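For reference, the structure discussed in these notes is given below.
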Amino acid sequence: MAKVMGEIIIDIERCKGCELCFDACPKEAIQLSDTINSKGYQFAIKVNDLCNGCASCALVCPDAVITVYRKVDKTKRPVKVIEIED
Amino acid sequence: MSERTYVDIEAELTDQPINFDEDICLAENVVYIKPQTLIDVPMHYCPGCGHSTAHKILMEVVDEMGIQEEIIGVAPVGCSVFAYHYMNVDMQEAAHGRACAVATGIKRIMPEKYVFTYQGDGDLAAIGTAETVHAANRGENILVVFINNGIYGMTSGQMAPTTLPGMVTTTSPYGRDVKTQGYPLYISNLLANLPGVAYVSRHSVHTPNNVRKAKKSIAKALEYQKQGLGFCMVEIVTNCPSNWKMTPKQSNQFVEEKMIPFYPLGDIKVPEGK
Ligand SMILES: Cc1ncc(C[n+]2csc(CCOP(=O)(O)OP(=O)(O)O)c2C)c(N)n1
Ligand code: SF4
Ligand code: SF4
Ligand code: SF4
Ligand SMILES: [Mg+2]
């Protein structure tokens, strides 16, 4: 299988820390920050590198502050060798 | 594709290690980005409020159908009274509950445009019941996006016609007693019985899958409008964390466990042969 790599960028100034993206993420890649943004909200941050770019977090984010990227690394696709007998 | 640039300021503001992969964050790899038609300003809605999610998917549909110039919206009175600050399409504000009547006028003058209203449950199913029912009964060729959060959000949480039995609000402090306060109004099901109504579908936006379905339904309804099939309504059962006195997560759980069993999701009426 090709390797799927994902990445998210969170616009932390617009994040309201509602935490709805946390539960949506199958990889538990998002948590709440220790610090606050200029509006006084703790915001969402990425906490691991497991993201596969499924975009679930972005779909449920009410304020559309998450941008999701996905890259499929085709070079990792295993090659199946078929031997032809004659 | 968006021209916006993104700065990785997270690393500066937190102690958390942020591994930000520049090879992946390229324009060609974008799978989700804020819709262009949603104006790039912070929305005034409370954290986790379904109004924001509904705005977002509505504008995604407008973007994907490429109809920004061909669609006109009517904003309600309620928390979403400022919808026109966020939706970058032509919009008209209506008096409380009168959005369907205003939309009727707009659509009749400009039948070539797509016309939608965006209304809360207090707006659509309380003060505006007459306008809603008669627009539906006339078969006006408009889309109504109906945000059912079971409460008057803007005015700090009074009981709405859609409030669940037993639900505590500021005007039903002991819980809604159906004996004295009446039963919740299934307005979508009521409208579905009218011959002028082409499409009625109920959705939610509390999980990724439900967001996808709700968005598809809005796109379908606009497609039906283009074909001139008649009145279409997409109800979105959603939350009001602030007035339900819950965290956003708890409120979504309430949607799942209490609201959806009462207001089952899915198509209520579809046009013949669709
Ligand atoms: C004629 C009139 N009557 C009453 C009000 C007060 N009012 C403003 S918003 C609202 C209810 C809104 O509830 P809903 O439509 O459910 O919107 P939500 O805020 O829940 O999204 C009321 C009663 C008003 N603005 N105008
Ligand atoms: S894109 Fe998917 S895996 Fe990546 S953070 Fe969002 S929900 Fe998690
Ligand atoms: S869902 Fe959006 S606004 Fe809410 S915490 Fe996540 S990124 Fe922030
Ligand atoms: S009061 Fe309720 S409906 Fe209004 S913005 Fe806040 S959470 Fe949303
Ligand atoms: Mg309401």
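The values are calculated or read from the model by the stated rules, or taken from the named source; none is laboratory data. The shown structure was predicted, so the numbers you read here are calculated from the model rather than taken from an experiment. Cβ coordinates were reconstructed from backbone atoms using ideal geometry, including for glycine residues, and neighbour counts include every protein chain displayed.
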For helices (runs of 4 or more DSSP H) lying entirely in the stretch B:160-274, having 1 or more residues that are among the small types (Gly, Ala, Ser) picks out B:187-192, B:208-226, B:241-244, B:248-254
Unmet requirement for B:Leu185, which otherwise passes all of (1) touching a Ser or Thr at 6+ places or on another chain (Cβ under 7 Å); (2) buried (at least 22 other Cβ atoms within 10 Å of the Cβ); (3) of a type in the set (A, V, I, L, M, F, W, C) = (2)
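Going by what's in this entry, would B:Ala103 be described as over 22 Å from B:Val211 (Cα atoms) and at pLDDT 95 or above? Before the answer, list the steps.
Working: over 22 Å from B:Val211 (Cα atoms): yes; at pLDDT 95 or above: yes.
Criteria met by B:Ala103.
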Selection from the stretch B:21-75 of residues part of a strand (DSSP E or B) and closer than 17 Å to B:Lys215 by Cβ yields B:Val31, B:Tyr32, B:Leu38, B:Ile71, B:Gly73
Kindly indicate the residue of the stretch B:62-110 that is more than 14 Å from chain A (Cβ to nearest Cβ) and of a type in the set (Phe, Trp, Tyr) and also nearest to ligand 5 (Cβ to nearest atom) among those meeting that condition.
-> B:Phe82
Which condition breaks for B:Asn141 when tested against (1) in contact with a Gly (Cβ under 7 Å, 6 or more places away or on another chain); (2) within 13 Å of ligand 5 (Cβ to nearest atom)?
-> (2)
For the stretch B:228-255, which residues satisfy the criterion of being loosely packed, with under 15 Cβ neighbours inside 10 Å and away from chain A (no Cβ under 11 Å)?
-> B:Gly228, B:Lys245
Do the conditions hold for B:Pro47, that is, is it farther than 19 Å from B:Ala126 by Cα, within 14 Å of chain A (Cβ to nearest Cβ) and in contact with a Cys (Cβ under 9 Å, 6 or more places away or on another chain)?
-> yes
